[in-house]
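We did not get these values from a lab; they are worked out from the coordinates using the rules stated. In this text the structure is predicted, and so the values were computed from the model without any measurement. Counting neighbours? That spans all protein chains shown, and the Cβs are built from the backbone with ideal geometry, glycine included.
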Amino acid sequence: MSGVWVFKNGVVRLVENPATEPLDGSSRQALNSRRKVLVHIDSNEVITSYAILERKLLGLGWERYYDDPDLLQFHKRATVHLISLPKDFSRFKSMHMYDIVVKNRNCFEVRDM
């Protein structure tokens with residue numbers, strides 16, 4: 001994972017290609033036309049829904065939490081790891097994908113489409 005970490009309004013985000021993506025976040029969508037997808041490495045399956053993702057995470061030992069109605073949350077026993085995702089899959093962004101990758105090394109990866 002390379003790029004520039006930008007801190008703005010109390011939020012840290014990774015700007016993956018600062019040459020084509022403005023650091024202030026303006027018109028980010030227009031400049032970064034390549035979409036990111038989360039891929040399960042073993043099956044080479046693109047995660048296109050939370051149902052698919054949940055099935056993969058449960059198979060890796062993650063448990064679903066139902067505490068917050070606005071979030072989809074998973075916890076892995078004997079760790080401090082918690083994956084929190086927006087309830088709406090259309091709001092599933094690359095930062096959520098990288099969170100899953102970091103907590104499940106060698107199981108998932110983020111690719112450009």
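With R₀ fixed at 25 Å, the C-beta to C-beta distance from GLN73 to VAL4 puts the FRET efficiency at about 0.25. Under 26 Å of direct C-alpha separation, and excluding same-chain neighbours fewer than eight residues apart, LYS56 reaches these lysines: LYS36, LYS76, LYS87, LYS93, LYS103. The amide H of VAL15, built 1.01 Å from its N in the peptide plane, has VAL4, TRP5, VAL6 as neighbours under 5 Å, considering only residues 5 or more places off or on other chains.
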